[in-house]
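Have a look at the structure below before the remarks.
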Amino acid sequence: MKGSMLRTLAGAAALALAAATAPTQANGPTDADLMNDAASTGDVLTYGMGPRAQRFSPLKAISTDNVAKLVPAFSASLGGEKQRGQEAQPIVYDGTIYVTGSYSRLFAFDARTGEEKWQYDARLPEGIMPCCDVVNRGAAIYGDKIIFATLDAHLVALNRETGKVIWNKKVADYQAGYSATAAPIIVKGKVIYGNSGGEFGIVGAVEARDVETGELVWRRPTIEGHMGSLNGKDNGITGKLNASWQGDLWKTGGGATWLGGTYDPETNLLYFGTGNPAPWNSHLRPGDNLYTSSTLAIDPDTGVIKWHFQTTPHDGWDFDGVNEFIPFDATINGKPMKLGAKADRNGYFFVLDRTNGKFIGAHKFVMQTTWANGFNAKGRPNYIDANRPGAPTAEKGTSVFASPSFLGGKNWMPMAYSQDTGLFYIPSNDWGMDIWNEPIAYKKGAAYLGAGFTIKPIAEDHIGALRAMDPKTGKIVWEYKNKAPLWGGVLTTAGNLVFTGTPEGYLKAFDAKTGQELWKFQTGSGVVGSPVTWEQDGEQYVAVMSGWGGAVPLWGGEVAKSFKDINQGGSLWVFKLAR
Ligand code: CA
Ligand code: CA
């Protein structure tokens, strides 16, 4: 009797304890947790390690003094018969590491052992049309859900404990060339994401859905003339019909938002970049072609565009302006300012006033820009007209040499901003291309380029270059050159470190102030993912995906010999300091 009573009391105590701890685990990350992600060192809840995507960690247990002692804690394979590029950034929460993999897969691994908890494989239809490999860049976590986009243009919310589908929404028509590879972001209970398919004459858009139900809340097309929506009702057209497009070209105008966006809680603005106008052949579409190759600031509550800044008006080189716009604060000419920066595919690093889009400066961050000679005071490029690919007549037009190549001075791979050094760390590439225009007509689901190209190296010793940019002066403070093109994201920490991967298979660590290489580890395949860091059981960890692929091996042209011996893979690598 007494024993039984004790057992009952113990049971009641256990139940009380469970009741006290269970709600946090069951409820999971909240809006407030996501907004606080940059400061919370015990987790990585957002793509970019904070809504501003600065990819800066205040952790400093691993530093310039001891990074040489960084060793693997474990590695976990994504398996599968097919590998291809692993461009994901891990999410870390409550003892689990979530990573997306090639072919629209999502994995949950135990953060202490690497043991797989569950795996979700999207069943992709035949006929998907990703332009640039079967990659995925990451997931978003919220409450009981982990959410990611798939190559057939769906958005899928899974139970983060079990991997079971909670909702699955078609967001666009893959048969018209739409796909999705970017990590969604979550702001105030809405999951917000872009679309891919700029090479197929799609129309770019940013959309917001209720994170609990997956139902559409608002939609904002990026091309002038298209109608936006809010709660099922029209919410005004984007721009002004035919103001910067002639005839019906706006109906297939491109402007894909394929890299997703960032969010600044201070200004309550989303920042989404937009891709190339379609087709690539600029002679077929006179005008600035708004809002392609631009950064858009969007109200997260309504989807209304608050300001825009076009980095390549009338783009003729596929200089997608999709690159991430990272909010930061700095004092310029003695005045403290709320700024944002973007290292554009066109080879220029832009600094804007993030409250209103006002142009502050554009600084070249690559060896060569043939298409323009800087920017004027209003932020318009000084075009070099002779270097625009010529208009085709019946056949191909005049070929020109253009630099950067269409793969860009910087492509998708995210840069990082250190709050300690005040520098941006840009994973860039120095390369050019021969490019010419050809006649083209739009056909649903077919490539809509009207151009041909061959990528070429422009330097003897490197293509890739990790560059430290001072946003206040536009000066490159240091650079690290890499033989193969850099294609992975960057992480910086209060330990005065910068981490990035190389196609040759290394995760490397550099001194954030000097660029001195301090550590490297060979992961067995090319590193084109984005590293993260967090604190667990009193130790600092670093994780990155390994797995060579992405656009470079598909479109490499004459630069392909710099990476011809790199093997494919698909693994999560996790590191900590040796004891
Ligand atoms: Ca965090
Ligand atoms: Ca493009």
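Structure notes:
- Residue in the stretch 59-82 that is within 16 Å of ligand 1 (Cβ to nearest atom) and under 27 Å from PRO300 (Cα atoms) present: no
- Residue in the stretch 450-470 that is part of a loop (DSSP other than H, G, I, E, B) and over 27 Å from VAL400 (Cα atoms) present: no
- Failed item in (1) surrounded by fewer than 24 Cβ atoms within 10 Å (Cβ to Cβ); (2) in contact with a Pro (Cβ under 8 Å, 6 or more places away or on another chain); (3) not aromatic (Phe, Trp, Tyr), with GLU115 passing the rest: (2)
- Total residues in the stretch 199-243, condition over 20 Å from ALA149 (Cβ atoms) and acidic (Asp, Glu): 2
- Taken together, the residues in the stretch 253-289 that are hydroxyl-bearing (Ser, Thr, Tyr) and within 16 Å of ligand 1 (Cβ to nearest atom) amount to 2.
- Entirely in the stretch 292-368, the strands (runs of 3 or more DSSP E) that have 3 or more residues that are of a type in the set (Gly, Ala, Ser): 335-343
- Filter pass, PRO389 being over 23 Å from the mean Cα position of the chain (by Cα), buried (at least 24 other Cβ atoms within 10 Å of the Cβ) and not aliphatic (A, V, I, L, M): yes
- Failed item in (1) more than 20 Å from TYR193 (Cα to Cα); (2) crowded, with 21+ Cβ neighbours inside 10 Å; (3) of a type in the set (A, V, I, L, M, F, W, C), with ALA330 passing the rest: (2)
- Residue within the stretch 334-354 that is touching a strand residue (DSSP E or B) at 6+ places or on another chain (Cβ under 6 Å), within 27 Å of PRO485 (Cβ to Cβ), modelled with pLDDT of 95 or more and surrounded by fewer than 21 Cβ atoms within 10 Å (Cβ to Cβ) present: no
- The residue that is surrounded by the fewest Cβ atoms within 10 Å (Cβ to Cβ), among those in the stretch 236-270 that are in contact with a Leu (Cβ under 7 Å, 6 or more places away or on another chain) and part of a strand (DSSP E or B), is TYR263.
- Of residues in the stretch 456-468 being more than 23 Å from the chain's Cα centre (by Cα) and of a type in the set (A, V, I, L, M, F, W, C), the one surrounded by the fewest Cβ atoms within 10 Å (Cβ to Cβ): ALA459
- Any hit, the stretch 162-177, residues being within 16 Å of ligand 1 (Cβ to nearest atom) and buried (at least 24 other Cβ atoms within 10 Å of the Cβ): no
- Some residue of the stretch 346-367 being closer than 26 Å to PHE453 by Cβ, within 16 Å of ligand 2 (Cβ to nearest atom) and either touching a helix residue (DSSP H, G or I) at 6+ places or on another chain (Cβ under 8 Å) or among the basic types (Lys, Arg) (or both): no
- The one condition in (1) surrounded by fewer than 19 Cβ atoms within 10 Å (Cβ to Cβ); (2) modelled with pLDDT of 95 or more that LEU155 fails to fulfil: (1)
- The condition of being of a type in the set (Asp, Glu), touching a residue at least 60 places away in the same chain (Cβ under 8 Å) and away from ligand 2 (no atom under 16 Å from the Cβ) holds for only one of GLU199, GLU224, GLU215, that being GLU224.
- Residue within the stretch 420-443 that is surrounded by 23 or more Cβ atoms within 10 Å (Cβ to Cβ), among the β-branched types (Val, Ile, Thr) and either in contact with a Lys or Arg (Cβ under 7 Å, 6 or more places away or on another chain) or at pLDDT below 95 (or both) present: yes
- Number of residues in the stretch 312-345 that are away from ligand 2 (no atom under 15 Å from the Cβ) and under 17 Å from the mean Cα position of the chain (by Cα): the value is 8.
- Qualifying residue in the stretch 423-436 (condition: in contact with a Ser or Thr (Cβ under 9 Å, 6 or more places away or on another chain) and of a type in the set (Val, Ile, Thr)): yes
- Single condition GLY247 does not satisfy, out of (1) within 22 Å of the chain's Cα centre (by Cα); (2) farther than 15 Å from PRO184 by Cβ: (1)
- Taking first residues from the stretch 393-419 that are farther than 19 Å from PHE350 by Cβ and modelled with pLDDT under 95 and partners that are in a loop (DSSP other than H, G, I, E, B) and of a type in the set (Asp, Glu), the Cβ contacts under 9 Å between residues at least 6 apart in sequence or on separate chains come to GLU395/GLU438; LYS396/GLU438; GLY397/GLU438.
- Within the stretch 35-85, considering residues that are part of a loop (DSSP other than H, G, I, E, B), within 30 Å of LYS188 (Cα to Cα) and of a type in the set (Val, Ile, Thr), the one farthest from ligand 2 (Cβ to nearest atom): THR41
- GLY488 falls short on exactly one of the conditions (1) closer than 16 Å to PHE521 by Cα; (2) outside any loop (DSSP other than H, G, I, E, B); (3) not acidic (Asp, Glu), and that condition is (2).
The values are calculated or read from the model by the stated rules, or taken from the named source; none is laboratory data. All of these numbers come straight from a predicted model, not from anything done at the bench. Quick reminder, even Gly has a Cβ in these numbers, built from the backbone with ideal geometry, and neighbours come from all protein chains shown.
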